[in-house]
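This report concerns only the one structure given below.
Where a number appears in this text, it was derived from the coordinates with a stated rule and is not lab data. What you see is a predicted model; the values in this text were computed from it and never measured. Every residue, glycine among them, receives a Cβ derived from its backbone with ideal geometry; neighbour counts consider all protein chains shown.
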């Protein structure tokens, strides 16, 4: 199963139940719809960030992501979301372009990563839940950055990158101020390689990326669950 298939499948799973049961005409005491509480929310989540591969093979691997998100209700259906995430450490392969074969793989770099983004979320059922489920579509942009990383011996570093994202979340009301939430996000950022990674693309070219571009946009998956504290009913 590819990462893109996993993200799209998870999104459809999050949205399928409420969208498949939009029925009107329920008596108030038997209605599956309930008003959502809160005009602001603070969410704490834990999940997995899984960066996609890249042409040079120096993308970081999978790791645990800790997040805190502030949510502000702008209208019945529209929310402003700002998120900060921290990854304690991700392993990233280090390659030496001066060598070929096994000697090229120099080892790994272990670095912490920071994710910051902001955007908007749209509740598909407005300011209501359906059978204690409230799906939301969201999108945003921000940065992803390593903290204190130096250039490796191949003159590459991950650095700070612009990232754009889209995804879906599922809010699970409990009837109390604290609620469960699940989220799946597809993030995109661009890799930029040093000129030493590139060659001429000939049959004898032993460079890391051949004659391909020194930049590449790649998708990355983020899956997380957490608790949200809603304020000001």
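Of the residues making up region 33-53, those that are more than 21 Å from residue 131 (Cα to Cα) and either surrounded by fewer than 17 Cβ atoms within 10 Å (Cβ to Cβ) or without any contact (Cβ under 8 Å) to a residue 60 or more places away in the chain (or both) are 40, 42, 44, 46, 48, 53.
Consider residue 177 carefully, then state whether it is touching a residue at least 12 places away in the same chain (Cβ under 8 Å) and farther than 28 Å from residue 111 by Cα. So residue 177 fits the description; yes. Of the strands (runs of 3 or more DSSP E) lying entirely inside region 62-162, those carrying at least 2 residues that are free of Cβ contacts under 8 Å to residues at least 60 places away in the same chain and surrounded by 15 or more Cβ atoms within 10 Å (Cβ to Cβ) are 63-73, 78-95, 105-123, 134-146.
Residue-level check: of (1) closer than 21 Å to residue 118 by Cα; (2) touching a strand residue (DSSP E or B) at 6+ places or on another chain (Cβ under 9 Å); (3) outside any strand (DSSP E or B), residue 47 misses just (3). Residues that are surrounded by 12 or more Cβ atoms within 10 Å (Cβ to Cβ) and outside any loop (DSSP other than H, G, I, E, B) do occur in region 195-205, at least one of them. Output the residue which, of all residues in region 163-174 that are in contact (Cβ under 8 Å) with a residue 40 or more places away in the chain and not in a loop (DSSP other than H, G, I, E, B), is surrounded by the fewest Cβ atoms within 10 Å (Cβ to Cβ). So the residue we want is 172.
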